[in-house]
């Protein structure tokens, strides 16, 4: 009887261990934030990468290989990218894997294989915390579906410092969300780049739909304009994106936006994905003193200061009116009231406890890197050097600032919705 009982217990343990979702005791759970992405290049390549200025290029002959979590991975393409970091020693990288990285996404609670990703150097991100705050806020309002985390990057075991790993958004929307088309908006409603899905759709169809947005805002107004735009865009997403820009005082957002095709109510429309947070907590929006960047579908506009903006559109709860669509939202009463309703939903969702949660998360995930002197010393090559005290002080200052700004926005929304 004792033998049978022991056998039954052993059998039960074996069954439990092998149930789906269970890991064997000897399997190690990999935390990508605690692993280094170490790329093997030639010494000549490494020196050229660090010394080059202002140029994007692909590293070839040989193509680098990646050492990660005790394994070697082949790479199909390794690019030096990122407008912000091209003029700095620490470059941004675009990586297309040969054999994919398998990572567990803690937000989705799923394991997925990643083929393309960006490594953002954050050279303008003061104390390396602004991207974390922005992406966390966007995740709260369902505008940041891609996987991102902080990690150390090395070239030939030479640290390049702290980086933000971001799953490539184009690959995400095409491969994971079955988007037929993705485009990146540029200044004055231009298209910086576009990408088609595997079905090889006619890009002109989607480019024409994008251009139609900017003819519609001239041709229509009021409820007719809202209804027309709703057949082309996920306006709720766009309004939510504007709300986060307002909260974060995002000074550079016009050309930092992807539009991707999606199906809603059996109709194909554009959804939105914000990108690149290098100019947060700005004193002034991007259009002040930069007439070259302002949209022109309503004629040439320029603003010497905030008084000029207020004289044009009034005291509206948009941080920027650089893009003509944002300008129309500020000017059109129906669109603006619809925006305020979404803005209130966003601000109520991002309550004080949510802000605390986001800042606590940022401290938890970035502070360990500050204990590595070899990583932090490289910040001397960035726009601003950092250290642990600066990081902690900036985190506390921005935490209180966002709470104060959130409360101010909510008060203004309630006052303006009554008008």
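Key figures for this structure:
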item	result
Packing-based exposure ordering (other Cβ within 10 Å, fewest first) of 331, 398, 100	100, 331, 398
Exposure proxy order (Cβ contacts within 10 Å, fewest to most) of 97, 122, 306, 129	306, 97, 129, 122
Pairwise centroid distance, computed over Cα atoms, of segment 354-413 with segment 160-184, Å	25 Å
Gaussian network model of the chain, Cα within-10 Å springs - most flexible of 55, 252, 326	55
Choice from 169, 285, 106 with maximal GNM fluctuation in the chain (Cα, 10 Å cutoff)	106
Separation between Cα centres of segment 74-125 and segment 251-313, rounded to whole Å	26 Å
Theoretical ellipticity at 222 nm over the chain - DSSP helices of four or more residues, -39500 (n - 2.57) apiece, nearest 500	-12500 deg cm²/dmol
Area projected by the alpha carbon convex hull of segment 342-419, averaged over all directions, nm²	6.5 nm²
Cβ-Cβ FRET estimate between residue 311 and residue 372, R0 fixed at 45 Å, reported to 0.05	0.35
Theoretical gain in end-to-end length, residue 110 to residue 218 [0.36 nm per residue, Cα-Cα removed]	34.4 nm
Rounded if a/c under 1.5, otherwise prolate or oblate - segment 29-171, Cα gyration tensor axes	oblate
Shape category assigned to the chain from the gyration tensor of Cα positions, a/c cut at 1.5	prolate
Projected-area average for segment 224-276 over all orientations - Cα convex hull basis, square nanometres	4.0 nm²
Two-site FRET efficiency, residue 264 against residue 199, from Cβ-Cβ distance with R₀ of 22 Å, rounded to 0.05	0.70
Contour minus Cα-Cα distance for residue 99 and residue 341 (0.36 nm per residue)	82.5 nm
Rounded tilt (10° steps) of 388-417 against the dominant C-alpha axis of the chain	40 degrees
Choice from 63, 182, 170 showing the highest fluctuation, given a GNM over the chain with Cα pairs closer than 10 Å	63
For segment 281-407: rounded, prolate or oblate by the Cα gyration tensor [a/c cutoff 1.5]	oblate
Kirkwood-based shape ratio for segment 172-349, expressed as Rg/Rh from alpha carbons	0.95
Exposure proxy order (Cβ contacts within 10 Å, fewest to most) of 88, 173, 319	88, 319, 173
Degrees between helix 235-248 axis and first principal axis of the chain (Cα, 0 to 90, nearest 10)	80 degrees
Rounded FRET efficiency, nearest 0.05, which uses the C-beta distance separating residue 300 from residue 65 and R0 of 56 Å	0.60
Using alpha-carbon coordinates, inclination of helix 352-370 to the longest axis of the chain, degrees	50 degrees
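Taken together, the values in this text are just the output of simple stated rules run on the coordinates, not laboratory data. Since this is a predicted model, take the numbers as computed values, not measurements. Methodologically, a virtual Cβ is constructed for each residue, glycine included, from the backbone with ideal geometry; neighbour enumeration extends over all protein chains shown.
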